[in-house]
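This report refers to the structure that appears directly beneath it.
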Amino acid sequence: MALHEFSVSVVSNYLEQQSDPAASKYVFSYTVTIKNTGTVKAQVIARHWFIKDANGKQEQVRGLGVVGYQPLLEPGQQFEYTSGTLMDTPQGSMHGSYLCVAEDGEQFNASIPEFILAVPRTLH
């Protein structure tokens, strides 16, 4: 088992009530679970997202913490949060990483695997 390791999983959801396809406005939520799979207590300090729509438009988002928090996780502990994004197309994807710092001072990145944002019944 690694000393410094977080696993990240994401589930996305299309928010039909907040979207307006006629105006090319598609709103998605995503729920992220960050789990400390290492053996040392560590904290999520910052996030770096890559967002891409179906037209190839790419955006990067950086910031401190996640939804206003910088969770400090004991080994085996997890933190879950929900956030969202607005896209111009009915499909897209996101991926990224978290900058983390362990209680021993070691910095490491936790990878956020790519996940798909899609209006139901639009993928072929």
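Some notes on this structure:
- The value for the chain of Rg(Cα) / (2.2 N^0.38 Å) is 1.15.
- Point-to-point label distance, ARG121-HIS48, nm (Cα→Cβ direction, 7 Å offset): 4.0 nm
- Among GLY92, GLY105, GLY84: highest mean-square fluctuation, GNM of the chain, C-alpha pairs under 10 Å: GLY105
- Neighbour count of at most 12 Cβ within 10 Å plus DSSP loop: longest trypsin sites (Lys or Arg not before Pro)-free window in the chain: 58-120
- Once the Cα-Cα distance is subtracted from the 0.36 nm per residue extended length, the ARG62 to ASN13 segment shows a gain of 15.4 nm.
- Based on C-alpha pairs under 8 angstrom that are at least 6 apart in sequence, the chain has a relative contact order of 31 percent.
- Cross-link partners for LYS52 among the lysines, with Cα-Cα distance under 30 Å and sequence neighbours closer than 8 places in the same chain left out: LYS25, LYS35.
- Selection among ALA102, LEU73, ALA46 by position relative to the dipole of the chain gives ALA46 as farthest towards the positive end (Cβ unit charges, Cα centre).
Each reported figure results from applying straightforward, stated rules to the coordinates on display, with no laboratory input. On a predicted model such as this, the values are computed, not experimentally measured, just so you know. Counting neighbours? That spans all protein chains shown, and the Cβs are built from the backbone with ideal geometry, glycine included.
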